[in-house]
Amino acid sequence: MVIRILPWKNTCCDGPAKLTQALAITPALNGEPVVNNTLIWIEESNHAIASKHITSSPRIGIDYAKDDQTGKLGARDDTTLPWRFTLK
């Protein structure tokens with residue numbers, strides 16, 4: 001596995017690959033529960049980030065999501081949905 005050391009910027013974790021790399025999440029954790037687990041977990045925090053400090057934009061590199069391949073939901077373009085979140 002190649003791990004790139006990036007200078008700290010707001011782009012340190014601005015995508016799923018960078019985030020999982022920063023958190024040392026590897027394929028070995030695939031399928032691990034995140035509840036009642038000592039290996040990986042989601043932790044509660046009292047720290048809140050005001051919505052004015054969060055931006056959203058469409059995800060990148062998901063051209064394959066332009067159409068529902070099953071046909072159950074009809075034609076749709078998921079590539080334009082604002083599922084990418086970053087801090088200002």
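The values are calculated or read from the model by the stated rules, or taken from the named source; none is laboratory data. Predicted model only: the values in this text are computed from it and were never measured. Cβ atoms come from the backbone with ideal geometry, glycine included; neighbour counts cover every protein chain shown. What goes into the accessible areas is simple: the full protein's heavy atoms, side chains included, and nothing from ligands, DNA or RNA. Shrake-Rupley method; radii C 1.70, N 1.55, O 1.52, S 1.80 Å.
Can you spot a residue in region 61-75 that is open to solvent by 60 Å² or more (accessible area, probe 1.4 Å), aliphatic (A, V, I, L, M) and modelled with pLDDT under 75? Yes: one or more hits. The number of residues in region 23-58 being open to solvent by less than 60 Å² (accessible area, probe 1.4 Å) and in a helix (DSSP H, G or I) comes to 1.
Scanning region 1-22 for residues that are outside any loop (DSSP other than H, G, I, E, B) and either at pLDDT 85 or above or of a type in the set (S, T, Y) (or both) yields a count of 2. Pull out all pairs, ordered by first then second residue, where Cβ-Cβ is under 7 Å, the residues are six or more apart or on different chains, the first lies in region 23-35 and is closer than 18 Å to C13 by Cα, and the second is among the polar types (S, T, N, Q) and part of a helix (DSSP H, G or I). No pair meets every condition.
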